[in-house]
1. Using the Cα centre as the reference, give the magnitude of the dipole from point charges on the C-beta atoms of the stretch 141-290 (Lys, Arg: +1; Asp, Glu: -1; all else neutral), rounded to the nearest 20 debye.
2. How much of the DSSP bridge set in the stretch 141-290 is antiparallel, in percent, rounded to the nearest 5?
3. Output the peptides 56-68, 314-326 sorted from most to least packed, where packing is the average of other Cβ atoms within 10 Å over each peptide's residues.
4. To the nearest Å, what is the center-to-center distance of the stretch 53-127 and the stretch 286-307, using C-alpha atoms only?
5. Which three numbers, in whole Å and largest first, are the semi-axes of the equivalent ellipsoid of the stretch 57-152 derived from its Cα gyration tensor as √(5λ)?
6. Let me know the shape class of the stretch 175-229, please: from the alpha-carbon gyration tensor, a ≥ b ≥ c as square roots of the eigenvalues, rounded when a/c is under 1.5, otherwise prolate if a/b is greater than b/c, or oblate.
7. Toward the positive end of the charge dipole of the stretch 227-312, about the Cα centre and with charges on Cβ (Lys, Arg +1; Asp, Glu -1), which of Ala238, Val260, Cys278 goes farthest?
8. If I stretch the segment between Thr259 and Thr351 completely, what's the gain in nm (0.36 nm per residue apart, minus their alpha carbon distance), one decimal?
Amino acid sequence: MDLFETEIYLRYKQIIQNSVILEACHSRPEGGKPSFLGLHLRRESIISRDRIREDYPEPRHVHMVDLLDRYDAFCFDGYGTLYNRGSFVYPGAMEWFKMLRHAGKHLRLVTNAASDVDEVLARDADKRGFDFSTEETISSGSLLRELVERLRRGERVKGNVALCRAVAKPLELRGHGLELREVYYIGRDTGKHVLEACGITAVAMDAEPAEPIVAISSAKDTPETYARAVKILQKPGAILLVLNSDAWAPKIPDENGVTVREPVSGALSERLRCASMCDANGGEGCETYYLGKPFPTIWEKVKRSLPSGSRVLMIGDTLGTDVYGAKIAGFDSALVVGRNVPATDLEADETALGIRPDYYLFPG
């Protein structure tokens with residue numbers, strides 16, 4: 001795993017853990033003790049940096065049939081787990097899906113894709129053979145509307161935060177709300193549909209929005225757009241909206257079965273966040289809001305969509321988003337090895353992040 005990637009996912013962990021601990025202290029009665037969850041995450045953050053191999057059980061090596069009777073609901077990541085760009089479908093993925101559909105399990109597509117609205121993402125998955133309905137599709141982009149409404153009401157936090165309604169300290173009232181009618185946008189053109197659904201327009205690439213706000217949904221920057229985004233984010237009160245928190249993603253395997261990984265929107269957003277620190281904002285940089293996995297808000301939406309008491313398994317290809325996110329949600333997790341986590345890097349990556357799944361899932 002690239003060092004920069006490791007730093008990003010460790011930062012995500014720290015944001016979430018700090019949010020939980022701060023909220024536990026904020027909400028407890030005067031003189032009371034922090035909540036169990038807050039203490040657990042504080043302890044976990046210390047243990048996981050130490051000797052993960054001794055403190056966490058070895059994940060079981062399983063096939064989907066081994067898990068069929070253990071869970072009522074199965075959540076899938078999309079890109080890198082079931083499919084990739086174009087019509088590419090990973091070996092075994094369709095067999096998993098058909099097996100679970102036939103068994104009558106609750107299925108969810110839980111994706112950090114913010115390249116279009118949920119209805120379109122569901123249609124795209126269906127074209128590949130995965131007939132997720134719009135109601136079964138939960139994307140990071142679908143969380144933007146709630147965040148925008150809160151920012152327009154004047155609820156803002158100074159610093160870099162995840163919108164975590166259930167476990168994070170609520171956004172504080174910061175005077176009048178934002179207009180938030182336009183942003184400087186870097187991403188696929190179809191991602192503008194996500195903005196439009198919230199009443200937001202993406203300004204021209206050589207222009208600046210009325211308010212200093214940048215939104216990122218994929219790493220489609222050029223030297224010119226990157227420089228303009230930095231200029232906007234260095235202004236006092238600037239905001240960075242990270243619509244897709246994925247830091248790295250796998251490309252389609254080549255003819256020899258070799259998978260190349262590349263930095264994506266989360267990596268670009270972190271570069272912009274660091275570049276935003278300047279004298280004009282006291283060296284603190286822009287306010288940064290993260291949507292999607294591993295942050296809690298997307299898991300809240302998943303839980304609301306499932307019957308109460310469901311036994312849930314999250315299946316994904318990334319330790320820092322899918323596996324850690326499942327832990328935050330209270331779900332078990334299965335990692336598909338060899339996609340975003342090469343088998344040769346697995347032990348080192350788990351140790352570096354302090355994250356391990358419950359299962360390693362293999363095709364068949």
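1. For the stretch 141-290, the charge dipole is close to 460 debye.
2. Bridges in the stretch 141-290 are about 25 percent antiparallel.
3. The peptides rank, most packed first, as 314-326, 56-68.
4. 18 Å
5. Details: eigenvalues 136, 54, 34 Å².
Sorted largest first and rounded, they come to 26, 16, 13 Å.
6. Note, shape of the stretch 175-229 comes out oblate.
7. Among Ala238, Val260, Cys278, the one farthest towards the positive end of the dipole of the stretch 227-312 is Ala238.
8. 30.9 nm
Throughout, read-outs are computed from the coordinates displayed, never taken from laboratory work. In this text the structure is predicted, and so the values were computed from the model without any measurement. Note that we place each Cβ from the backbone using ideal geometry, even for glycine, and neighbour counts take in every protein chain shown.
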